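Pasting a structure below so you can have a look.
What follows is calculated from the coordinates using simple rules that are stated; it is not laboratory data. Keep in mind the model is a prediction, meaning the values are calculated, not measured. Glycine gets a Cβ as well: all are built from the backbone with ideal geometry, and neighbour counts include every protein chain shown.
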Amino acid sequence: MFSTLINVIKGSTAVLLLSINTIVMCSILFVFAFFKLISPTRGLRDFFSRILHWLTEFWTGLNNGLWSLYRTTKWDIELPDTLNRKGTYLVSSNHQSWVDILALQKALNRKIPLLTFFIKHELIYVPFLGLAWWALDMPFMKRPTREQVKNNPALKGKDLENARKACEKFQTIPVSMMSFAEGTRFSRAKAERSNSPYDNLLKPKVGGIGMVLYALGDKLQSMIDVTIVYPKKDEQDYTPTFWQLVTGQIPNIIVRVRELEIPRHLLGRNFRTDRDIRKELEAWINQVWMEKDALLTQLKAS
């Protein structure tokens with residue numbers, strides 16, 4: 001009972017501080033976003049974009065300190081020395097929990113450009129965050145439904161062109177485009193239902209990765225492959241919650257990062273219309289997944 005009360009106090013304090021930090025930092029972002037909006041030239045807009053990215057890295061750094069407030073979670077992070085804050089990357093990771101995004105931010109903040117996601121257009125209306133995502137040039141995507149494509153075949157493949165258009169702003173600004181290839185969070189039940197050939201992963205979907213390769217093309221430097229593990233004694237598939245993170249109840253978080261070369265012939269290619277390209281893309285990602293699965297097994301065992 002007493003330990004539960006302590007966790008409530010600790011978690012509530014951390015959440016309150018995170019909320020205050022979010023409101024304050026978003027308010028500052030909005031000021032610079034306004035100047036960016038009224039800037040008359042591309043160069044000036046890029047200047048304010050860089051300021052906005054720097055502020056977001058600072059915001060992320062503060063958040064990293066707040067959810068690590070109680071210092072009871074042991075972080076084990078390994079990064080290659082080749083990462084470059086001025087590079088342009090595709091970032092891919094396994095996905096088990098909403099904590100994954102926070103682990104990615106802690107491991108990669110200020111090591112590579114700001115993590116950027118393709119976001120559903122409806123999320124622009126999320127209070128504070130929606131406007132912040134817009135100010136940070138997150139690509140908002142409107143993907144037509146199957147019914148819409150059926151009624152209007154001209155919409156087929158439109159999302160790929162929308163993605164390329166949305167990414168035009170990154171031609172002069174470094175970016176790290178994030179994709180969770182599994183498409184959803186891993187669970188043993190999902191793996192069994194989908195007949196996953198992997199012990200620790202769901203089968204990867206190439207749609208998100210293929211979209212990044214198509215939209216950014218030759219500007220991409222490499223792929224940052226991230227493997228995240230939450231080892232816990234007697235729980236093979238432990239998936240922590242945000243509440244457990246802010247109360248310091250997650251015993252260990254392991255993050256392993258490696259930089260992989262992207263097969264150059266896959267860049268800028270339409271994997272939906274070119275079946276050979278899709279097969280090669282799937283073969284490459286499946287190989288990455290086999291290596292990731294073996295690493296996960298090794299890390300869990302150790």
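Using a cut-off of 16 Å between alpha-carbon atoms, which aspartates and glutamates can reach LYS279, once sequence neighbours fewer than 8 places away in the same chain are excluded?
Counting by Cα, and skipping residues close in sequence, LYS279 has no aspartates and glutamates nearby.
Next up: How much length is gained on full extension from THR184 to ASP218, taking 0.36 nm per residue of separation minus their Cα-Cα distance?
My answer for the length gained is 9.4 nm.
Same structure again: With 10 Å bins from zero, work out the P(r) of the chain over every alpha carbon pair and list the percent per bin.
6, 24, 33, 26, 10, 1, 0
In addition: Please state the shape class of segment 1-59: rounded when a/c is under 1.5, otherwise prolate if a/b exceeds b/c and oblate if not, all from the C-alpha gyration tensor.
In terms of gyration-tensor shape, prolate.
A further question on this structure: Return a whole-number percent for the relative contact order of the chain, with Cα pairs under 8 Å and 6 or more residues apart as the contact set.
Normalised by residue count, the contact order of the chain is 25 percent.
Let me ask something else. Treating segment 1-150 as a set of equal point scatterers at the Cα positions, no solvent, please give the Debye-formula log₁₀ I(q)/I(0) at q = 0.10, 0.13 Å⁻¹.
Values returned for q = 0.10, 0.13 Å⁻¹ are -0.46, -0.75.
Next question. For the residue pair GLN236 and LYS205, what label-to-label distance in nm results when each label sits 7 Å from Cα along the Cα-to-beta-carbon direction?
It is 2.6 nm.
A further question follows. Relative to the present Cα-Cα distance, how much length would full extension add between LEU44 and GLN287 at 0.36 nm per residue of separation?
Gain on extension, LEU44 to GLN287, equals 83.2 nm.
List, in the order given, every pair from LYS86/LYS232; LYS36/LYS120; LYS36/LYS165; LYS36/LYS219; LYS86/LYS169; LYS106/LYS300 whose Cα-Cα distance in the structure shown is over 27 Å.
LYS86/LYS232
Residues with amide H under 5 Å of VAL91's amide H, sequence separation 5 or more or different chain, H placed in the peptide plane at 1.01 Å from N; which?
Residues meeting the amide H criterion: MET177, MET178, SER179, ILE224.
Between GLU147 and TRP98, what's the calculated FRET efficiency when r is the beta-carbon distance and R0 is 41 Å? Round to 0.05.
Efficiency, rounded to the nearest 0.05: 0.85.
With r as the distance between the Cβ atoms of LYS279 and HIS121 and R0 = 30 Å, compute the FRET efficiency 1/(1 + (r/R0)^6) and round to 0.05. Kindly include the intermediate steps, with their values, before the conclusion.
Values: r = 31 Å, r/R0 = 1.03.
E between HIS121 and LYS279, to the nearest 0.05, is 0.45.
Where Lys and Arg each count +1 and Asp and Glu each count -1, what net charge lies around TRP133 among other residues with Cβ under 13 Å from its Cβ?
Every neighbour counted, the sum reads -1.
For ARG264 and ARG71, what does the FRET efficiency come to when R0 = 41 Å and r is the distance between their Cβ atoms, rounded to the nearest 0.05?
For R0 = 41 Å, the calculated efficiency reads 0.40.
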